[in-house]
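Worksheet: one structure, shown below.
The values are calculated or read from the model by the stated rules, or taken from the named source; none is laboratory data. What you see is a predicted model; the values in this text were computed from it and never measured. Reconstructed Cβ throughout: ideal geometry from the backbone, glycine too, with neighbour counts over all protein chains shown.
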Amino acid sequence: MVELSSNIPFLWRLSPESSDGFCMVSMVVPFEPEDEQQERRDLTIETSVVSFSADSMRAETEETLEWNQDDMNLFLKLVTSQQQGEHAPVAESVRVDLTDPEIIEIIHVVAAAGFGTAYSSHGILQNSVGRYPPHACDIGSFAALNTVDGFKRCVVVDIDGEDAICVLLEEVDVVSVGEYDRLSRHDLLMVKQTDLLHPDFASQLIRPPGATLH
């Protein structure tokens, strides 16, 4: 277990994947040895997130970046939600096991929010306005999207006016919509806030109370 706070120097490592400007994103947690004679052993957690750099020189060399405040705020919000429930106040510090699959999943979401490229939701979502009650969301909230491949869970990672950016938590088979036929887990999708539904819609076991079907 590691005690983490907003001033922990988490790092992102961008490693070139190809000559096309794509880099794999990994999280690095530096650990200083207690004894100066000991070798420094940083913890590296690889993610499924790919970052694109238009700068060819940057894309050819490994780059290390510090987490920004948005990264840390989202991480603390999601960890607090996982440990205490979604409506719990965000903790200033948390204790986490960086080998826990649920914590690693949160790291993937934070990496996607910071480095992923958002796809348009045109042709991917079915109209939910008037059919299902909207779900009020903040950054870090879980939600569901009514896609052409059924209800899918997501995490809201940015809000700008009526628009929201979500990280998908499930794959979406979009059957050759536009330039792609499949959206993968941890891809970003730009939606309208009115598209965000209660996350329980993505469960086959329960339907949120008050939901209306026409």
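Some values worked out for this structure:
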read-out: Count of residues meeting criterion [touching a Ser or Thr at 6+ places or on another chain (Cβ under 7 Å) and loosely packed, with under 14 Cβ neighbours inside 10 Å] in region 60-93; value: 4
read-out: Test for Ser81: is it in contact (Cβ under 8 Å) with a residue 60 or more places away in the chain and in a helix (DSSP H, G or I); value: yes
read-out: Qualifying strands (runs of 3 or more DSSP E) (wholly inside region 169-208; at least 2 residues being at pLDDT below 70, of a type in the set (Val, Ile, Thr) and not assigned by TED's automatic domain parsing to the domain that holds Met24); value: 172-177
read-out: Only one of Leu183, Leu168, Leu188 that is farther than 25 Å from Val79 by Cβ, surrounded by 20 or more Cβ atoms within 10 Å (Cβ to Cβ) and hydrophobic (A, V, I, L, M, F, W, C); value: Leu183
read-out: Residue in region 109-116 that is assigned to a loop (DSSP other than H, G, I, E, B) and in contact (Cβ under 8 Å) with a residue 40 or more places away in the chain present; value: yes
